[in-house]
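I have placed the structure first, in the form of structure tokens, so that the comments after it can refer back to it.
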Amino acid sequence: MKLMKRKKKKKIFLEEVKKKNTFIQKKILMLIVAHALKQDAEDIHHVFSKIDSDKNGKVDIDELANNYAFTFDLGHDDSESWAHADFDQIDKDGNGFKTANDEYCGVIDD
């Protein structure tokens with residue numbers, strides 16, 4: 001009878017340990033995700049600020065084309081073509097520019 005009680009207590013104890021470990025694992029995962037999102041935001045801000053040549057907090061198609069021309073060593077026509085093709089896909093609200101916040105929200109939504 002005592003052996004049965006010990007086994008039952010041990011089983012209950014192990015179940016509690018599993019629950020606590022699961023809770024701890026979830027907390028650790030949440031911290032990792034929060035850190036990754038912060039790092040993504042910093043990376044996005046860094047890249048965005050490089051493309052935003054007039055520093056108005058917005059990237060328009062001309063700034064994107066200029067960045068493509070410089071980064072990929074493209075001629076004017078190619079960089080314009082690339083920029084138009086990409087901008088048509090990323091400018092979902094059609095306002096003609098993107099902000100760093102737009103891009104950060106896109107990372108979270110994906």
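Odds and ends about this structure:
- Were the residues from HIS84 through ASP40 laid out at 0.36 nm apart, the gain over their Cα-Cα distance would be 13.3 nm.
- Peptides 68-81, 28-41, 48-61 ordered by average Cβ neighbours within 10 Å, highest first: 48-61, 68-81, 28-41
- Its Cα centre serving as origin, segment 26-87 has a Cβ charge dipole (Lys and Arg +1, Asp and Glu -1) of approximately 740 debye.
Rule-based calculations on the coordinates, nothing more; no lab input. Being a predicted model, the structure only gives us computed values, none of them experimental. Here the Cβ is made from the backbone with ideal geometry for all residues, glycine too, and neighbour counts use every protein chain on show.
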